[in-house]
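Colleague: Here it is, the structure, as structure tokens.
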Ligand SMILES: NC(=O)c1ccc[n+]([C@@H]2O[C@H](COP(=O)([O-])OP(=O)(O)OC[C@H]3O[C@@H](n4cnc5c(N)ncnc54)[C@H](OP(=O)(O)O)[C@@H]3O)[C@@H](O)[C@H]2O)c1
């Protein structure tokens with residue numbers, strides 16, 4: 001197949017593109033900056049393009065000749081002109097419109113567990129609005145059938161280039177192991193990035209995935225504090241968690257949201273007020289046995305292991 005992967009240069013995208021290439025597909029990856037797609041440059045059947053995916057005319061060009069489109073573009077906090085509305089909701093609508101025009105057969109879309117119009121955070125509400133836009137009726141009568149849509153809702157994702165365990169390891173090093181933690185008892189079912197990428201590849205080749213929503217969870221439900229402790233144990237770092245009361249965590253979110261790069265924000269805090277655990281087993285429906293954290297974390301966090309070859 002010919003597949004266009006929006007967000008293909010990111011954490012999930014890179015793993016997905018590598019698998020698509022291995023499976024014999026040809027992949028087009030737009031990016032705002034080629035240096036972000038360093039790992040993809042060496043792959044034979046990947047075409048990297050610098051492109052503004054928010055421009056409908058450019059999206060249609062990117063989708064020309066593609067059988068499928070995967071949209072992995074996402075942000076955790078707005079920055080400049082990149083609001084949740086623009087990056088999640090409006091982009092989803094543009095992807096759908098351009099996919100129709102380009103006669104793309106299948107659109108795979110990455111949402112998030114907890115996406116709901118009444119969710120407490122703007123992040124989760126915008127993810128729900130994006131899903132709604134994908135399923136909205138077409139605006140014009142086109143000769144081709146509408147593309148099939150498949151939606152994925154993962155819990156938090158871990159893996160070698162994640163911003164979950166790597167960030168906690170960095171923070172523990174910086175603070176000599178003492179970590180004030182918001183929503184320490186929030187529950188997650190962390191899923192490995194390799195399993196998420198496998199799920200996307202499987203759905204791509206699976207007719208029955210059309211119209212489906214897959215919740216993706218790892219094998220264990222863990223609190224945020226347990227994830228931090230496991231990270232510390234594997235990375236051989238000292239760890240003393242100071243659970244923050246919600247009132248203080250809100251202030252932490254407000255203040256850290258003012259810092260460059262917004263390491264944490266009030267909206268992130270609000271997302272954490274919901275547990276991120278599955279109500280159904282999307283991995284099983286796709287024939288995937290999810291990997292435990294402990295099977296993967298040592299490969300990139302254990303300081304005694306040699307660094308993997310680039
Ligand atoms: N990681 C998780 O734990 C997790 C959990 C649940 C859901 N998700 C969802 O999964 C998807 C992939 O996540 P990820 O962790 O792989 O994200 P990531 O590493 O941050 O990658 C995001 C990708 O989106 C593109 N992008 C970001 N902002 C953009 C903008 N304003 N305009 C155009 N492109 C933009 C980036 O492309 P360039 O920089 O190359 O242009 C990058 O390739 C996202 O939709 C995310 O919300 C992730």
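The values are calculated or read from the model by the stated rules, or taken from the named source; none is laboratory data. For clarity, every value in this text was computed on a predicted model and none was experimentally measured. Note that we place each Cβ from the backbone using ideal geometry, even for glycine, and neighbour counts take in every protein chain shown.
Colleague: Inside region 63-77, can you point out the residues that are touching a helix residue (DSSP H, G or I) at 6+ places or on another chain (Cβ under 8 Å) and more than 9 Å from the ligand (Cβ to nearest atom)?
Modeller: Selection gives 63, 68, 69, 70, 77.
Colleague: For region 36-49, enumerate the residues that are within 11 Å of the ligand (Cβ to nearest atom) and out of contact with any strand residue (DSSP E or B) (no Cβ under 8 Å at 6 or more places or on another chain).
Modeller: Selection gives 36, 38.
Colleague: Also: Out of all the residues in region 12-34, which are more than 9 Å from the ligand (Cβ to nearest atom) and more than 20 Å from residue 196 (Cβ to Cβ)?
Modeller: Those that are more than 9 Å from the ligand (Cβ to nearest atom) and more than 20 Å from residue 196 (Cβ to Cβ): 24, 26, 28.
Colleague: If only one of 124, 91, 62, 113 is under 19 Å from the mean Cα position of the chain (by Cα) and within 21 Å of residue 147 (Cα to Cα), which one is it?
Modeller: That would be 91, the only listed residue that is under 19 Å from the mean Cα position of the chain (by Cα) and within 21 Å of residue 147 (Cα to Cα).
Yes/no matrix, rows are residues, columns are (1) in a strand (DSSP E or B); (2) closer than 23 Å to residue 262 by Cβ; (3) within 16 Å of the ligand (Cβ to nearest atom):
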position	(1), (2), (3)
100	no, no, no
119	no, yes, yes
130	no, yes, yes
145	no, no, no
162	no, yes, yes
166	no, yes, yes
173	no, yes, no
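Colleague: Tell me yes or no: at least one residue of region 198-216 is free of Cβ contacts under 8 Å to residues at least 60 places away in the same chain and touching a helix residue (DSSP H, G or I) at 6+ places or on another chain (Cβ under 7 Å).
Modeller: No.
Colleague: Separate question: Being within 15 Å of the chain's Cα centre (by Cα) and surrounded by fewer than 21 Cβ atoms within 10 Å (Cβ to Cβ) is the filter here; which residues of region 158-185 pass it?
Modeller: Correct list: 160, 161, 162, 163, 164.
Colleague: Identify, from the list 284, 229, the residue that is farther than 17 Å from residue 154 by Cα and not assigned by TED's automatic domain parsing to the domain that holds residue 113.
Modeller: 229
Colleague: Here's a follow-up. Among (1) under 24 Å from residue 192 (Cα atoms); (2) surrounded by fewer than 16 Cβ atoms within 10 Å (Cβ to Cβ); (3) within 21 Å of the chain's Cα centre (by Cα), there is one condition residue 6 misses while meeting the rest; what is its number?
Modeller: Residue 6 satisfies every listed condition except (2).
Colleague: Give me the helices (runs of 4 or more DSSP H) completely within region 207-284, filtered to those with at least 1 residues that are surrounded by 13 or more Cβ atoms within 10 Å (Cβ to Cβ) and under 21 Å from the mean Cα position of the chain (by Cα), ordered by residue number.
Modeller: Those helices (runs of 4 or more DSSP H) span 224-235, 266-272.
Colleague: Can I ask one more? With respect to residue 68, is the statement that it is touching a strand residue (DSSP E or B) at 6+ places or on another chain (Cβ under 7 Å) and farther than 30 Å from residue 257 by Cβ true?
Modeller: When the stated conditions are applied, residue 68 passes them.
Colleague: Output the residues belonging to region 85-98 that are surrounded by fewer than 20 Cβ atoms within 10 Å (Cβ to Cβ) and more than 14 Å from the ligand (Cβ to nearest atom).
Modeller: Those that are surrounded by fewer than 20 Cβ atoms within 10 Å (Cβ to Cβ) and more than 14 Å from the ligand (Cβ to nearest atom): 93, 97.
Colleague: Please work out if residue 108 is within 16 Å of the ligand (Cβ to nearest atom), in a strand (DSSP E or B) and either at pLDDT 95 or above or closer than 21 Å to residue 3 by Cβ (or both).
Modeller: For residue 108, the condition - within 16 Å of the ligand (Cβ to nearest atom), in a strand (DSSP E or B) and either at pLDDT 95 or above or closer than 21 Å to residue 3 by Cβ (or both) - is met.
Colleague: Then there's this: Name the residues in region 50-59 that are surrounded by 15 or more Cβ atoms within 10 Å (Cβ to Cβ) and touching a strand residue (DSSP E or B) at 6+ places or on another chain (Cβ under 7 Å), would you?
Modeller: 51, 53
Colleague: For region 239-262, which positions are under 20 Å from residue 176 (Cβ atoms) and touching a residue at least 40 places away in the same chain (Cβ under 8 Å)?
Modeller: Residues satisfying the conditions are 239, 240, 241, 242, 243, 244, 252.
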